[in-house]
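First the structure, in the form of structure tokens, and then the observations on it.
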Amino acid sequence: MAKITQKDINDAVWKACDTFRGSIDPSVYKDYVLTMLFLKYLSDVHDDKYEAHLKKYSGDKERAHRAMKHERFVVPAHSHFKFLYESRNEGNIGELINIALTDLEEANREKLYSEDGAGIFQNIDFNTSKLGEPKDKNTRLKNLLLDFNKEALDLRPSHLEGNDIIGGAYMFLIENFASDAGKKAGEFFTPKEVSTLIAKLTKSKPGSRICDPTCGSGSLLIKACEEVGSDNFSLYGQEANGSTWALAVMNMFLHGFDNATIRWGDTIRNPKLKEGDMLMKFDTVVANPPFSLDKWGKVEDKEGDKTTISYDPETDKYNRFWRGVPPKSKGDWAFISHMIETLNEQGKAGVVVPHGVLFRGSSEGRIRQRTIEENLLEAVIGLPANLFFGTGIPAAILIFNKAKGVSSSASLSCRQGVENRNFLFIDASKHYESAKNQNKLRQSDIEKIVTTYRDFAAGKLQPGVVEDKFSYVSTADEIKENDYNLNIPRYVDTFEEEAEVDIAAVQKEIEKLEDELVKVQKEIDQYLNQLVK
């Protein structure tokens, strides 16, 4: 029997979405399809392992069942996809799926519960009116089970072309849901080309701790670990939205990252990634936080005349905002401050930001100035417009590097320990491929940015223009002269000269057109005279 390919599975899971299309919003039904994919995967792996144990123990079912208790996941009989498929015509099929998921969580508490006691399926309800009136809901769930029972979705590892196919299908679905979901998509997915670019710019060494404090469904975190070049790394993430947190946890398991730590909660008000009472430190921190998040900080609970402040960034117990507290309507620098404070002494951070972060004044300007004076900022990279789901505005990537002070270059100056106090600016806004719904970075665009950055980090680029209209190396003094404004056109000359106008040629063209107009007018007059006769 031919092995099932990535394309086979991608096509089959995308077809399974037809059950919901047109009647339910993609931002809602994505959770149902992705959860069913996860359940089907665990069920099929269970069957594959059970068959292998039966063969090993010469058909002894008791020994095979005993061996199954030590497998990666325990799948209770009524949590198995096969049981749900056989129950597909039951009037309470939604309730049966809910029970199956709850019992699956209970049987795998260490894996499927967070440290706070939240189960990954607690935010999903297959028995909800969101899926329609009881009769319509039952029909949809029956069709979903029928679709996942097809041969193309036999997810037993022995039937698949490769181990990473399931993770690939999950990412394929998330990406396509993001494309369909429009504005809401930015909450759970960073386009894979942008994730790849950030992962390459912050390339982690083997043994690294890698973190995404606003991890969404985990796509950026997975891209970051793929750049390590070995399996020697540990992954950490936190996500505020409960449903999206569950997607990230499932994503990690489907990619085989069982030891990843993904926590649910608000990273600013309630950071969960800690060692004792201190924030955990990382080698690499990557993030695509919500752009200019309103009401990100202070929480005031009013009860009658009494006001209780349950969180205030001014008195943050981790002292993350010692450089300054960002305005309450713009959370960008709050996330950046958190990222910088969770880097270890060799750590590097890559973050996607709206351009306002580069030049807005007040407290944001003061925080920006301090990060520049501390020599933490390394690069500012302007991206093309319309790259992200849900917003057409252009964004930028900022790279912060705790180890920037002395470059790792073999150049003479760096061997002598001379501090690198320069900053790289790249304007990549014109380097992209235009696609139907949004623009995309091509591989060549990514390579051009990464090569320029790595040359800068290695001390190969001198202050001044590196490549006309693309890259520029600024000194600290130059940024100071610009009042710590990082707006890219101040450094990379983006002015496009208009082509010179040849007045004589234009005059000749006008005369020629006027002659032709006279001839056409004569012809029209002749036709009109003939009509009158």
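The values are calculated or read from the model by the stated rules, or taken from the named source; none is laboratory data. Values in this document were obtained by computation on a predicted structure and should not be read as measured data. Ideal geometry is used to build each Cβ from the backbone, glycine not excepted, and the neighbour counts take in all protein chains shown. We work out accessible area using only protein heavy atoms, side chains counted, and drop any ligands, DNA or RNA first. Shrake-Rupley method; radii C 1.70, N 1.55, O 1.52, S 1.80 Å.
A few comments on the model shown:
- Selection within segment 271-287 - modelled with pLDDT of 95 or more and in a loop (DSSP other than H, G, I, E, B): PRO271, LYS272, LEU273, MET280, LYS281
- Count of segment 337-376 residues which are more than 19 Å from CYS211 (Cβ to Cβ) and part of a strand (DSSP E or B): 1
- Among the criteria (1) buried (at least 20 other Cβ atoms within 10 Å of the Cβ); (2) of a type outside the set (Gly, Ala, Ser); (3) under 22 Å from ARG370 (Cβ atoms), the one PHE253 does not fulfil is (3).
- Tabulated pairs, segment 318-339, first open to solvent by 10 Å² or more (accessible area, probe 1.4 Å), second in a loop (DSSP other than H, G, I, E, B) and among the basic types (Lys, Arg), C-beta under 6 angstrom, 6+ apart or interchain: HIS338/ARG320
- Hits in segment 428-444 (condition: under 12 Å from GLY382 (Cβ atoms) and charged (D, E, K, R)): LYS430
- If you go through segment 293-314 and keep only what is without any contact (Cβ under 8 Å) to a residue 24 or more places away in the chain, of a type outside the set (Gly, Ala, Ser) and not in a strand (DSSP E or B), you end up with ASP305, ASP312, GLU314.
- Residue pairs whose Cβ atoms lie under 6 Å apart, sitting 6 or more positions apart in sequence or on different chains, and linking a residue in segment 424-452 that is of a type in the set (Lys, Arg) to a partner that is modelled with pLDDT under 95, are LYS440/GLU193; LYS440/GLU433; ARG442/GLU433.
- Selection count where residues are under 23 Å from GLN443 (Cβ atoms) and among the polar types (S, T, N, Q), scope segment 201-216: 2
- Of the residues making up segment 134-181, just one is hydrophobic (A, V, I, L, M, F, W, C) and over 30 Å from the mean Cα position of the chain (by Cα), namely LEU146.
- Which numbered condition ARG140 misses (of (1) surrounded by 18 or more Cβ atoms within 10 Å (Cβ to Cβ); (2) touching a Ser or Thr at 6+ places or on another chain (Cβ under 6 Å); (3) within 13 Å of THR35 (Cβ to Cβ)): (3)
- Selected residue (only one of ARG21, ARG63 is without any contact (Cβ under 8 Å) to a residue 60 or more places away in the chain and under 27 Å from the mean Cα position of the chain (by Cα)): ARG21
- GLU500 in a helix (DSSP H, G or I) and on the phi < 0 side of the Ramachandran plot: no
- Within segment 81-133, the residues that satisfy the criterion of being of a type outside the set (Phe, Trp, Tyr), outside any loop (DSSP other than H, G, I, E, B), over 25 Å from ARG263 (Cβ atoms) and open to solvent by less than 80 Å² (accessible area, probe 1.4 Å) are LEU84, ILE93, GLY94, LEU96, ILE97, ILE99, ALA100, LEU131.
- So LEU145, is it in a helix (DSSP H, G or I), surrounded by 21 or more Cβ atoms within 10 Å (Cβ to Cβ) and without any contact (Cβ under 8 Å) to a residue 60 or more places away in the chain: no
- Pairs where the first residue, in segment 158-179, is small (Gly, Ala, Ser) and the second is in a helix (DSSP H, G or I) and crowded, with 21+ Cβ neighbours inside 10 Å, C-beta under 6 Å, 6+ apart: GLY167/LEU254; ALA169/ILE9; ALA169/VAL13; ALA178/ALA185
- Hey, LYS317 farther than 16 Å from PRO271 by Cβ and in a loop (DSSP other than H, G, I, E, B) or not: no
- Hey, ALA248 in a helix (DSSP H, G or I), touching a residue at least 40 places away in the same chain (Cβ under 8 Å) and either buried (at least 23 other Cβ atoms within 10 Å of the Cβ) or over 15 Å from the mean Cα position of the chain (by Cα) (or both) or not: no
- Looking only at segment 470-490, residues that are out of contact with any helix residue (DSSP H, G or I) (no Cβ under 8 Å at 6 or more places or on another chain), surrounded by 14 or more Cβ atoms within 10 Å (Cβ to Cβ) and not in a strand (DSSP E or B) come to 2 in all.
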